[in-house]
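K.L.:
Sending over a structure as structure tokens; questions will come in a sec.
The values are calculated or read from the model by the stated rules, or taken from the named source; none is laboratory data. Because the structure is predicted, anything quoted here is derived from the model rather than measured. As a convention, Cβ positions derive from the backbone with ideal geometry for all residues, glycine included, and neighbour counts pool all protein chains shown. Side chains included, ligands, DNA and RNA excluded: accessible areas come from the protein's heavy atoms. Shrake-Rupley method; radii C 1.70, N 1.55, O 1.52, S 1.80 Å.
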Amino acid sequence: MLVVQANRAFYPKMTGLKRNFNDKPDRVTWRSKQNVDFSFLFGFSKNISQYYLMLEDDVECADRFPDAIKAYISQLAQKQKPWVNLDFSELGFIGKLFKSKDIEKLGIYLMLFYQEQPVDWLIRFFKHSMVQRDTYFRKPSLFQHMGTVSSLRGLKNSLKDKFFLKDANAVHNPKAKLLKTTMTIVKPANSLEKLYAEAEIFWALPPKSGDYILIEFETPLKLGGVYVQTARDPKNKVDYLHNGILEASQLYEDGKCSKFVQIVTVSYKRRHFLAVNLLTNQKVDFFTKCIKLTVTSTQNNWLAIRQFSVIGVPYR
């Protein structure tokens with residue numbers, strides 16, 4: 001283990017900084033110093049190894065996470081996807097992977113704009129500057145934030161990564177034997193298949209009570225989490241699901257699933273909903289063959305779903 005400490009004389013001024021986003025002075029100083037700290041760390045770490053992985057001291061790691069990282073890098077190489085940054089957690093600056101040959105540039109970039117924005121925001125602009133337009137986020141994520149106390153005095157931070165599962169065999173959106181909906185889609189590019197396999201927006205004409213989306217897995221799944229976001233945009237107050245239920249089934253009789261168990265209810269007050277930690281939910285203590293999202297009230301507006309993520313461990 002190496003502990004790196006920079007001489008205080010190396011630091012730029014940390015008083016009278018720009019108050020972008022109307023942040024309080026102590027918060028501006030805190031995030032600005034973080035940027036400079038990272039800049040020094042990157043400068044020290046360049047070319048020590050082939051890759052640089054950013055972690056924090058309060059994370060839990062998935063089992064065999066190095067193997068999972070190597071496999072994801074190989075997967076992108078096979079698809080000929082060039083990259084500057086890979087995400088193995090959805091949170092802040094946790095689980096971010098860079099090529100060591102690039103981190104000196106990143107360090108310089110953070111130093112140039114240290115007082116402008118938080119580090120995770122600056123990373124986005126750095127990626128664009130390095131011509132990485134897409135975000136490569138490996139699901140399930142490999143690192144979970146466990147702490148509750150921030151290094152900024154008085155700030156609580158209990159954020160959790162909804163895509164994390166510790167089991168090394170966990171998968172994201174496992175292979176489906178059947179994808180079915182009774183809703184009328186707007187055009188082929190907005191199909192259920194595109195939503196599930198490629199994260200393209202599902203867009204349908206106004207659904208009626210009883211309309212549904214059904215996903216039948218090729219292999220039964222021990223559910224770890226289901227995350228669905230409706231509406232094309234978080235600020236959109238039109239094409240979201242007003243009322244519905246999400247269900248799971250383990251029974252498979254006569255070529256179809258039956259006896260569904262309700263997991264969560266959707267209401268108009270929540271344009272996105274979240275069901276996590278289902279392994280501890282006694283309602284879903286079985287291997288699931290199908291999940292079903294059902295509309296429970298007819299609505300006049302179209303329905304858009306921009307994310308439908310299933311995390312779990314296939315039966316072996």
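K.L.:
If Lys and Arg each add +1 and Asp and Glu each add -1, what is the summed charge of the other residues whose beta carbon sits under 13 Å from the beta carbon of Asp37?
P.N.:
+2
K.L.:
Let me ask you something else. Restricting everything to alpha-carbon atoms, can you work out Rg to Rh for the range 1-115 with a Kirkwood hydrodynamic radius?
P.N.:
Computed over Cα atoms, the ratio is 1.01.
K.L.:
List the lysines whose Cα lies under 27 Å from the Cα of Lys180, skipping any in the same chain that are fewer than 8 positions away.
P.N.:
Lys139, Lys162, Lys194, Lys208, Lys222, Lys237, Lys256, Lys259, Lys269, Lys283, Lys289, Lys292
K.L.:
Here are a few candidate values for Cα extents along the principal axes in Å: [x] 58, 42, 40; [y] 73, 49, 36; [z] 73, 43, 38. Which one was actually calculated from the structure I just gave you?
P.N.:
This structure yields the entry labelled [z].
K.L.:
Relative to a virtual label point 7 Å from the Cα of Asn243 in the Cα→beta-carbon direction, which members of the range 185-213 show backbone nitrogen distances below 18 Å?
P.N.:
Flagged as within label range: 206-213.
K.L.:
So, one more: Identify the GluC sites (Glu not before Pro) of the range 29-109 meeting these criteria: DSSP loop state and at most 14 other C-beta atoms within 10 Å of the C-beta. Before the final figure, lay out each step's value.
P.N.:
Values: sites: Glu56, Glu60, Glu90, Glu104; in loops: Glu56, Glu90.
When the GluC sites (Glu not before Pro) of the range 29-109 are filtered for loop state and at most 14 Cβ neighbours within 10 Å, nothing remains.
K.L.:
A further question follows. Looking at the chain, which Cys residues are left with no other cysteine's beta carbon under 4.7 Å from theirs?
P.N.:
So far as the 4.7 Å Cβ criterion goes, Cys61 stand without a partner in the chain.
K.L.:
Follow-up. In bins 5 Å wide, starting from 0, what share of all Cα pairs of the range 139-258 does each bin hold, as a percent?
P.N.:
Spelled out bin by bin, the range 139-258 gives 2, 8, 15, 17, 18, 15, 11, 7, 4, 2, 1, 0 percent.
K.L.:
Still on this structure, I have one more. Skip the ligands, DNA and RNA, and give the accessible area per residue of the chain with a 1.4 Å probe, whole Å².
P.N.:
55 Å²
K.L.:
May I ask for the net charge around Thr294, where only other residues with Cβ less than 10 Å from the Cβ of Thr294 are counted and Lys, Arg are +1 while Asp, Glu are -1?
P.N.:
-1
K.L.:
With a 1.4 Å probe and every protein chain kept in, tell me what percent of the accessible surface of the chain is carbon plus sulfur.
P.N.:
It is 52 percent, rounded to a whole number.
K.L.:
Okay, moving on. Ordering Met54, Met130, Met146 by how much accessible area each has at a 1.4 Å probe, largest first, what is the list?
P.N.:
Met146, Met130, Met54
K.L.:
Continuing with the same structure: What aspartates and glutamates does Lys81 reach when the alpha-carbon gap must be under 14 Å and sequence neighbours fewer than 8 apart in one chain are set aside?
P.N.:
Output for Lys81: Asp134.
K.L.:
Starting from the Kirkwood Rh over alpha-carbon pairs, what translational D in µm² s⁻¹ does the range 11-50 have by Stokes-Einstein at 4 °C and 1.567 mPa s?
P.N.:
Translational diffusion coefficient: 113 µm²/s.
K.L.:
So, with +1 on the Cβ of K and R and -1 on the Cβ of D and E, and no other charges, what is the size of the charge dipole of the chain about its Cα centre, to the nearest 20 debye?
P.N.:
Approximately 640 debye in magnitude.
K.L.:
List the trypsin sites (Lys or Arg not before Pro) in the range 61-148 that DSSP assigns to loop (not H, G, I, E or B) and whose Cβ has at most 14 other Cβ atoms within 10 Å. Which are they?
P.N.:
Passing sites in the range 61-148 are Arg64, Lys79, Arg133.
K.L.:
To the nearest 500 deg cm²/dmol, what mean residue ellipticity at 222 nm is calculated for the chain from DSSP H runs of n ≥ 4 alone, each contributing -39,500 (n - 2.57), summed and divided by the residues?
P.N.:
Rounded to the nearest 500, it is -6500 deg cm²/dmol.
K.L.:
Could you list the trypsin sites (Lys or Arg not before Pro) in the range 198-252 that lie in coil according to DSSP, counting only those with at most 14 other Cβ atoms within 10 Å of their Cβ?
P.N.:
In loop regions of the range 198-252 (DSSP not H, G, I, E or B), the sparsely surrounded trypsin sites (Lys or Arg not before Pro) are Lys208, Lys235, Lys237.
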